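Here is the structure we will look at, set down as structure tokens.
Readers should treat all values here as calculations from the given coordinates under stated rules, not as data from a laboratory. Since the model is a prediction, treat every value here as computed from it, not as a measurement. All Cβ positions, glycine included, derive from the backbone under ideal geometry; neighbour counts span all protein chains shown.
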Amino acid sequence: MARAVLQTLLRAVYPPRCLSCGEMVETDFGLCGACWRDTPFVAGLTCDACGLPLPGDSDRAELCDDCLSVPRPWEQGRAALVYRDTARRLVLALKHGDRHDIARPAAEWMARQTRPVVTEGMIAVPVPLHLRRMLKRRYNQSALLGQALAGHLGLDWCADALVRAQATPSLDGKSKEERFALLAGRIAVNPRRADRIAGRPVLIVDDVMTSGATLGAAAEACLAAGASRVCVTVLARVGKDA
């Protein structure tokens with residue numbers, strides 16, 4: 001009873017607000033009607049390698065143009081949102097705005113799309129930040145998403161399985177070729193965690209996929225360390241119109 005009274009008082013002082021615009025909503029960690037309608041959730045036929053929505057229907061695995069032209073080192077990939085509108089605002093708030101509260105509902109959205117690629121013994125690992133960027137930002141948004149997602153999917157979780165030993169410049173504005181060149185060999189398996197990767201399936205978690213260069217470098221590192229298979233999942237996939 002005391003807990004119920006406390007929750008009632010908290011709701012009176014801090015009513016639930018929309019994750020995106022701040023308008024009052026009925027439940028915690030939700031979106032108002034307008035922001036929900038403006039959020040491009042992935043549904044229907046999607047690219048089996050990156051999760052990008054595809055037109056039409058199919059009874060087999062299909063690939064988008066990007067994944068047909070750039071072979072992916074991972075087996076399957078999923079995305080919860082298309083990176084535009086409300087999705088873009090949520091990603092940027094999580095990544096640069098200290099909005100840790102977004103990770104919880106975002107992981108639920110990711111879990112719905114990712115569950116079909118989960119296999120027995122799979123371990124979830126986040127795309128790492130370089131130490132200098134980690135100290136500046138104080139948190140890794142991919143790790144926030146990954147830990148919550150692992151909980152939803154019942155997966156083993158290792159926050160420091162991958163390391164980025166060399167810093168890379170911002171990839172914003174870089175071409176696809178530049179992104180791949182900058183990321184080549186920059187991500188490796190943490191030697192202290194190599195036994196957590198070898199011989200088992202790995203799910204790599206990130207916030208956004210643009211060209212796939214970062215996820216590709218992470219997947220190659222896992223495979224080099226003996227992972228039996230690698231899949232990837234992201235909160236948002238950048239489309240051609242983003």
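What separates the Cα centres of region 50-71 and region 191-226 is a distance of 22 Å. The relative contact order of the chain comes to 21 percent, based on Cα pairs under 8 Å that sit 6 or more residues apart. Here the calculated FRET efficiency for A224 and L92, from their Cβ-Cβ distance with R0 = 30 Å, stands at 0.40, rounded to the nearest 0.05. With contacts taken as Cα pairs under 8 Å and at least 6 residues apart, region 165-242 reaches a relative contact order of 33 percent.
For region 120-211, the set of chymotrypsin sites (Phe, Trp or Tyr not before Pro) satisfying both a DSSP loop assignment and a count of at most 14 other C-beta atoms within 10 Å is given as Y139. Of S58, S211, S228, which has the largest mean-square fluctuation in a 10 Å C-alpha GNM of the chain? Judging by the Gaussian network model, the answer is S58. Modelled this way, with points 7 Å down the Cα-to-C-beta line, the labels at R112 and L68 are 2.9 nm from one another.
Select from region 107-198 those trypsin sites (Lys or Arg not before Pro) which occupy a DSSP coil region and have at most 10 other Cβ atoms within 10 Å, ordered by residue number.
Numbers: sites: R112, R132, R133, K136, R137, R138, R164, K174, K176, R179, R186, R192, R193, R196; in loops: R138, K174, R186.
Filter output for region 107-198: R138.
Sequence-distant contacts, meaning Cα pairs under 8 Å at least 6 residues apart, place the relative contact order of region 62-201 at 23 percent.
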